[in-house]
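Let me begin by handing over the structure; questions about it come next.
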Amino acid sequence: MPIFAAHSRRDMEVNDTMIASEPVAAYGANSYIDVMNFLHTMNISPEVKEKVGRRLVLEVTGKYLSKAFARLDHLATLEKGWDGYGALPISHRVLSNMKKVLAISDDDDWKEWIIGPDTNATLGLQSKSTMACISIGASDYSYYAEIGGKEYSANHLKFTPESFLSTMRTIA
């Protein structure tokens, strides 16, 4: 675990600019969970935690995983009518579910997937290289895949980050 603490924790808590500009190595963080655990111990405002957390997560994750986090950040900004026809903004619970999946994912898990919004406040994942898609809601998910000429699908599976990730890995 890299440790490069140029400043004390207290110095960083007092000076928001300092904490926002420190490299990730200063925090001894190697994963999304490390970043979140560290930030929750800091005596800083929620706004600064959010700003610093986003940057640190992008620094500690791989290329594909960081793109997935960035995509979720963008999708969280969609407002009602984002499609020009009254589409709902993405549900906070759906976004939270996806962040839980990202937190336990490996970088390569996201190499083949594109995350997109759906008009009913949910998210959809589409494989770049296979006939596979997954829809994730607030409490369940559904999928369809065509693998080796056979069709596989399931609807309204109970969401857990582990089961969702397993499905992604299986049908990718």
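Whether any residue in the stretch 26-36 is open to solvent by less than 60 Å² (accessible area, probe 1.4 Å), within 12 Å of the chain's Cα centre (by Cα) and at pLDDT below 65 is what I want to check.
yes
Looking at the stretch 122-146, which of its residues are hydrophobic (A, V, I, L, M, F, W, C) and either open to solvent by 20 Å² or more (accessible area, probe 1.4 Å) or touching a Gly at 6+ places or on another chain (Cβ under 8 Å) (or both)?
Once the filter is applied, which keeps residues that are hydrophobic (A, V, I, L, M, F, W, C) and either open to solvent by 20 Å² or more (accessible area, probe 1.4 Å) or touching a Gly at 6+ places or on another chain (Cβ under 8 Å) (or both), the stretch 122-146 yields L123, L125, M131, C133, I134, I136, A138.
While we're here: Quick check on my filter: what residues within the stretch 92-116 are over 18 Å from F159 (Cα atoms) and assigned to a helix (DSSP H, G or I)?
D107, D108, W110
Residues checked against (1) out of contact with any helix residue (DSSP H, G or I) (no Cβ under 9 Å at 6 or more places or on another chain); (2) closer than 18 Å to Y143 by Cβ; (3) among the small types (G, A, S); (4) open to solvent by less than 30 Å² (accessible area, probe 1.4 Å):
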| site | (1), (2), (3), (4) |
| --- | --- |
| T77 | yes, no, no, no |
| D83 | yes, no, no, no |
| G86 | yes, no, yes, no |
| W113 | no, yes, no, yes |
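When only residues in the stretch 46-78 that are modelled with pLDDT under 75 and of a type in the set (D, E) count, which is farthest from L125 (Cα to Cα)?
Selected residue: E50.
If you don't mind, another one. Kindly check whether there is at least one residue in the stretch 82-90 that is at pLDDT 95 or above and outside any loop (DSSP other than H, G, I, E, B).
Checked against the condition, which is being at pLDDT 95 or above and outside any loop (DSSP other than H, G, I, E, B), the stretch 82-90 yields at least one hit.
Taking into account only those residues within the stretch 95-116 that are of a type in the set (S, T, N, Q) and either touching a Pro at 6+ places or on another chain (Cβ under 8 Å) or closer than 18 Å to T170 by Cβ (or both), which is modelled with the lowest pLDDT?
Result: S105.
Still on this structure, please answer the following. Kindly state which strands (runs of 3 or more DSSP E) lie completely within the stretch 117-172 and contain at least 3 residues that are under 17 Å from the mean Cα position of the chain (by Cα) and either modelled with pLDDT of 95 or more or closer than 19 Å to L75 by Cα (or both).
Counting at least 3 such residues, we get 123-127, 131-136.
The values are calculated or read from the model by the stated rules, or taken from the named source; none is laboratory data. Because the structure is predicted, anything quoted here is derived from the model rather than measured. Every residue, glycine among them, receives a Cβ derived from its backbone with ideal geometry; neighbour counts consider all protein chains shown. Heads up: the accessible areas ignore ligands, DNA and RNA and are worked out on the full protein's heavy atoms, side chains in. Shrake-Rupley method; radii C 1.70, N 1.55, O 1.52, S 1.80 Å.
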